[in-house]
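What follows draws every value from the coordinates through simple rules; no lab data is involved. The shown structure was predicted, so the numbers you read here are calculated from the model rather than taken from an experiment. In this analysis, Cβ positions are derived from the backbone assuming ideal geometry, glycine residues included, and neighbour counts consider all displayed protein chains.
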Amino acid sequence: MLTTVVGSYPSLPEEPSSLSQKLSSFFGTYDDYKPAIEAAVRDQIKVGIDIISDGQVRAGMVEIFARAIPGMTVEGNTPKVLGKIKPSTTSISAEDLKYALKFSEGISREYSSNQGTIEDGVKGVKGIITGPSTIIFSSLIEGFYKNKDEAIIDLAHALKREAEFLEEAGAVYVQIDEPFLSTGLPDIKTAKKAVKIITEDLKVPTAMHVCGNVSDVFEKLLTFPVDIIDCEFAGIPGNIDVLEVAANKGLTKGKKIGFGCIDTKKKEVEDPKKVSELIKRGVKCVGAENIIVDPDCGMRMLPKEAAFSKLKSMTEAVKWLS
Ligand SMILES: [Zn+2]
């Protein structure tokens, strides 16, 4: 069974400490987020995560896109739509992905092999973008658009370009985070059309992460044009019943399930035995070959020690099962 993370990891930017860092700081080329990416990558590789992230260390999942995409901005802490949304000519996070990939290649030799595809069960770095429905429903519309649906579709075209940048940068797959889909607020048809715009021309596999209680939307999520549907099954026990029902109806066919098995809202570290029991329930529903194991959600809000130990608990649980 493959293991991955949802994305964010609690590592903070660091002041320059070595001589070379101090020199690059003097010349204005020091990036204090790079040590944070390194720390996130190092921890994920140490515990044996197969498909890692760059740790999403720079900014919140909405702000990072709202700040960079033409037509949008962030004022105070509020993301806003001010004009027509257009694709950005430069990538928002491809440089971080490339840096994580390069850094991981350097250190992963100590732990295990690196290159390959998702099917081989070997390591890679995933590209992550926040979904258009989630970004628009988190933003104030102050100009150009009369309704949210039109803004979502234009934003999907902008994010399509970003997904292509991530693919070009070497992402092993591209994940779209759409937590708002479990709230029942966005129109599912528009959300699906928007996801299709982003994924239809990509060559790498695609995933969609939706956290929260998905009991009302899970069967609809399974019809979205992505390869992996990722939900939280530890913190929201009802979600596994929904998975069971959908699997019995044959609705999970052709999809892989991102199986969140670590509660990311609690600091307490899970016993690997308990985690493996939960994973077994998922395996019973869709088969081990269709499960990708990960934590419920991003880990940004957890203390670093807890995040690390929780990931360790998860990879130990998977080892026991294989
Ligand atoms: Zn989430």
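Figures for the structure shown
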quantity: Using a Förster distance of 30 Å, the FRET efficiency for Glu75-Ile188 (Cβ separation, nearest 0.05); calculated: 0.50
quantity: Chain lengthening between Ser215 and Leu19 when straightened (0.36 nm per residue, less Cα-Cα); calculated: 65.2 nm
quantity: Cβ-based exposure ranking for Val210, Val318, in which fewest neighbours within 10 Å come first; calculated: Val318, Val210
quantity: Cα-centred dipole magnitude for the chain, charges only on beta-carbon of K, R (+1) and D, E (-1), debye, nearest 20; calculated: 280 debye
quantity: Eligible aspartates and glutamates near Lys266 by straight Cα distance, threshold 12 Å, same-chain separation 8 or greater; calculated: Asp296
quantity: Relative exposure of Phe180, Phe233, judged by other C-beta atoms within 10 Å (fewest first); calculated: Phe180, Phe233
quantity: Residue among Ala94, Thr264, Leu221 farthest towards the positive dipole end of the chain, charges placed on Cβ; calculated: Leu221
quantity: The stretch 158-264 shape via C-alpha gyration tensor axes, a/c threshold 1.5; calculated: prolate
quantity: Simple spin-label estimate for Lys46 and Trp320 in nanometres, 7 Å along Cα-Cβ; calculated: 2.2 nm
quantity: Segment Arg281-Met301, extension gain: residue separation times 0.36 nm, minus the distance between their alpha carbons; calculated: 4.5 nm
quantity: Cα-projected label distance for Lys102 with Asp201, points at 7 Å along beta-carbon direction, nm; calculated: 2.8 nm
quantity: Residues Thr252, Thr3, sorted so that the one with the fewest Cβ neighbours within 10 Å comes first; calculated: Thr252, Thr3
quantity: Helical segments meeting 15 Å axial Cα length and Kyte-Doolittle -1.0 threshold in the chain (DSSP H); calculated: 34-46, 94-108, 148-168, 188-199, 238-248, 272-286, 304-321
quantity: Under 17 Å from the Cα of Lys160 - lysines, other chains or at least 8 residues apart; calculated: Lys84, Lys86, Lys126, Lys192, Lys193, Lys196, Lys203
quantity: Contour minus Cα-Cα distance for His157 and Lys86 (0.36 nm per residue); calculated: 24.8 nm
quantity: Structure-based [θ]222 nm, the chain - -39500 (n - 2.57) summed over DSSP H runs of at least 4, per residue, nearest 500; calculated: -12500 deg cm²/dmol
quantity: Prolate/oblate/rounded label for the chain (Cα gyration tensor, a/c 1.5); calculated: oblate
